[in-house]
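The values are calculated or read from the model by the stated rules, or taken from the named source; none is laboratory data. Just so it is clear, the structure is predicted and the values come from calculations on it, not from any experiment. Because the Cβ atoms are built from the backbone with ideal geometry, glycine has one as well, and the counts that use them run over all protein chains shown. The protein model used for the area step is the full one, side chains on, heavy atoms only, and it has no ligands, DNA or RNA in it. Shrake-Rupley method; radii C 1.70, N 1.55, O 1.52, S 1.80 Å.
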Amino acid sequence: SFHGTHVAGTIGAVTNNGVGVAGVNWVSPLMTLRVLGLGGGANYDIAQAILYAAGLPNDSGQVPSKKANVINMSLGGSSRSRSMGDAVAAAQAENVVVVAAAGNDNTTDLHFPAAYDGVISVGATDLSGGKTFYSNFGPRIDIVAPGGNTRVDANGDGFADGVLSTLWDGDLDEPIYKFYQGTSMASPHVAGVVSLMLSVNPDLTPFRVREILQQTAIDLGELGRDDDFGFGLIDPVAALQAAGAQIPEIPKLEVSTNTMNFGSSIAQAIITLFNSGGGTLQVNAPTVEMDQASGWLSVGLSPGRLIVTVDRTGFTSGSYTGRIRLTSNRGTVTIKV
């Protein structure tokens with residue numbers, strides 16, 4: 001299935017080459033350790049790989065020349081394993097940050113290794129910044145990141161709204177790019193950002209890394225931490241600043257998508273707003289324009305997001321288009337609806 005190839009591409013795909021996708025951190029070396037296949041795998045193998053990655057004694061009798069600083073585990077299951085839990089704790093004691101996917105069962109049931117103490121448990125958001133239909137939730141969720149939803153094309157660009165990354169086509173025997181969905185796709189976004197944080201400040205402990213991610217996340221859902229989004233959507237720029245990166249104090253308004261296609265039935269969607277620069281971003285009240293008729297498109301602005309609503313009551317069948325304009329102290333964005 002080349003699931004690991006897809007995950008690895010999100011973390012470190014070669015970038016600025018005019019091909020494919022951009023990795024979160026394309027200069028960091030990857031230590032790829034295979035513990036699962038199409039038929040699954042054993043907790044024993046995962047535990048041994050964690051120990052190896054952390055440079056600790058393991059049953060292979062080998063250790064790497066340089067240990068990993070971050071372990072991403074886009075994998076998991078419902079059963080608690082003492083050997084895996086002990087391996088995670090041992091890795092954390094060696095200052096290795098452990099990031100794991102929260103699971104894709106849309107449940108609050110514990111999912112391991114994400115549910116072990118100290119592990120950064122990552123849920124998934126869709127294109128608009130909402131919780132995906134599959135993402136696990138609950139008190140163990142720390143943070144969310146883009147995980148995709150391949151069932152829909154909410155921005156109408158002709159492609160499923162999954163996460164695009166590197167893959168291998170076994171039939172053609174050649175590299176390809178493909179859209180996948182899952183908390184497996186969300187977790188490497190976070191692991192990549194953690195690696196950038198550690199490049200700025202190598203002395204950050206796993207506890208401090210987790211704390212920074214939580215404190216700098218873009219709040220989604222209910223105010224403050226909630227069980228759908230944890231502390232919110234990962235904010236790479238804010239996290240890097242908190243880690244000590246010197247970023248110019250120039251804000252820049254960005255949105256999770258600049259096109260929304262409501263089709264014939266969707267009534268409401270959320271668009272996430274964020275500052276991709278430094279300094280303080282101040283967003284003004286949005287304005288709405290409608291090309292056909294009036295009154296069918298409305299928008300509400302709350303911290304970090306736009307709530308866009310379509311009301312079809314009394315309208316005849318047909319296509320309706322409009323625009324939402326957002327201005328700020330640094331940048332203007334137009335969203336086509």
Exercise for the section: For Ile247, work out the one condition from (1) in contact with a helix residue (DSSP H, G or I) (Cβ under 6 Å, 6 or more places away or on another chain); (2) open to solvent by less than 30 Å² (accessible area, probe 1.4 Å) it doesn't fulfil. Expected result: (2)
Handout entry: Tally, over the stretch 26-71, of residues that are under 21 Å from the mean Cα position of the chain (by Cα), open to solvent by 40 Å² or more (accessible area, probe 1.4 Å) and within 24 Å of Asp86 (Cβ to Cβ)
Key = 3
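Could you list, in sequence order, the residues of the stretch 93-106 that are open to solvent by 30 Å² or more (accessible area, probe 1.4 Å) and farther than 20 Å from Asn69 by Cα? Talk me through it step by step, then tell me what you get.
Looking only at the stretch 93-106, we keep the residues that are open to solvent by 30 Å² or more (accessible area, probe 1.4 Å), and these are 93-95, 104-106.
If the condition is that a residue be open to solvent by 30 Å² or more (accessible area, probe 1.4 Å) and farther than 20 Å from Asn69 by Cα, then Asn104, Asp105, Asn106 are the ones that fit.
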Problem - So Gly23, is it crowded, with 18+ Cβ neighbours inside 10 Å and assigned to a loop (DSSP other than H, G, I, E, B) - result: yes
Practice task
Could you tell me which residue of the stretch 150-174 is nearest to Asn25 (Cα to Cα), considering only residues that are in contact with a Leu (Cβ under 7 Å, 6 or more places away or on another chain) and not small (Gly, Ala, Ser)?
Solution key: Asp161
Exercise for the section: Report the residue count in the stretch 131-186 for those that are in contact (Cβ under 8 Å) with a residue 40 or more places away in the chain, of a type in the set (A, V, I, L, M) and in a strand (DSSP E or B). Expected result: 6
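Looking only at residues in the stretch 54-103 that are hydroxyl-bearing (Ser, Thr, Tyr) and assigned to a loop (DSSP other than H, G, I, E, B), which one is farthest from Gly40 (Cα to Cα)?
The initial filter retains those residues of the stretch 54-103 that are hydroxyl-bearing (Ser, Thr, Tyr), namely 60, 65, 74, 78-79, 81, 83.
Right, trim to assigned to a loop (DSSP other than H, G, I, E, B) and you get 60, 65, 74, 78-79, 81.
On the way: Ser60: 20, Ser65: 28, Ser74: 13, Ser78: 13, Ser79: 14, Ser81: 15 Å.
This residue is Ser65.
Condition first: among the polar types (S, T, N, Q) and out of contact with any Phe, Trp or Tyr (no Cβ under 6 Å at 6 or more places or on another chain). Now tell me which residues in the stretch 42-59 satisfy that.
Asn43, Gln48
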Handout entry: Filter pass, Thr334 being crowded, with 19+ Cβ neighbours inside 10 Å and either farther than 30 Å from Leu198 by Cβ or at pLDDT below 90 (or both)
Key = no
Problem - Candidate set: the stretch 275-304, residues that are among the aliphatic types (A, V, I, L, M) and surrounded by 13 or more Cβ atoms within 10 Å (Cβ to Cβ); chosen: the one farthest from Arg330 (Cα to Cα) - result: Ala293
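So for the stretch 307-318 (the condition being surrounded by 12 or more Cβ atoms within 10 Å (Cβ to Cβ) and within 24 Å of the chain's Cα centre (by Cα)), does at least one residue qualify? Walk me through how you get there before you give the answer.
Taking the stretch 307-318 and keeping what is surrounded by 12 or more Cβ atoms within 10 Å (Cβ to Cβ), we get 307-312, 315.
Checking the rest, the ones that are also within 24 Å of the chain's Cα centre (by Cα) come to 307-308.
Yes, the conditions are met somewhere in the stretch 307-318.
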